[in-house]
Amino acid sequence: MTRVDFYILEGGSTTVCPQFACRLVEKAFAQGHQVYINTASAAQLRQLDDLLWSFRDGSFLPHAIYDQAMSDKPPILLGHATEPQECHDVLINLSQEVPPFFSRFNRMAELVDSDDSQRAAARERFRFYKDRGYTLKTHTLQA
């Protein structure tokens, strides 16, 4: 069953989630995990694609925007409103909604910034997972 971790990012702006997502991806990649990042919009997808190349000097995170037709997929994939067929390890959700395909992943990270509407949506997602018996952990971090 999927383990769901909520990362509550205190004291930051709406840009804190993409920055934290990069740090989380970097850690997962270093541990040998395959990661799929589910973005909230096409614009956020492009922003995160750019940010993964430049968020920290000296960092290299091999990634690509998910395309089912890709024959050689890197260990880090990004998508918006797209269900990845080959990914099952780590899912990072930046969307306000529960991804319909989340349950085939081993772990999922829900990132929540300090915006009130994001917090309300995150509480709804938390209830969704809890009502279905998923293992939940909450981490409150300073941005």
Could you line up S114, S54 from fewest to most neighbouring Cβ atoms inside 10 Å? S54, S114
For segment 3-142, what relative contact order do you get, as a whole percent, if you take Cα pairs closer than 8 Å and at least 6 residues apart? 41 percent
For a protection proxy built on the mean count of beta-carbon atoms within 10 angstrom, sort 101-107, 17-23, 4-10 highest first, please. 17-23, 4-10, 101-107
Exposure proxy check: K73, K137 ranked by fewest other beta carbons within 10 Å? K137, K73
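For segment 1-78, what percent of Cα pairs sit more than 21 Å apart?
Cα-Cα pairs in segment 1-78 separated by more than 21 Å: 28 percent.
Values quoted throughout were computed directly from the atomic coordinates according to the rules given, and no laboratory measurement underlies them. What you see is a predicted model, and the numbers here were worked out from it, not measured in a lab. Heads up, the Cβs are rebuilt from the backbone with ideal geometry, glycines too, and the neighbour counts pull from every protein chain shown.
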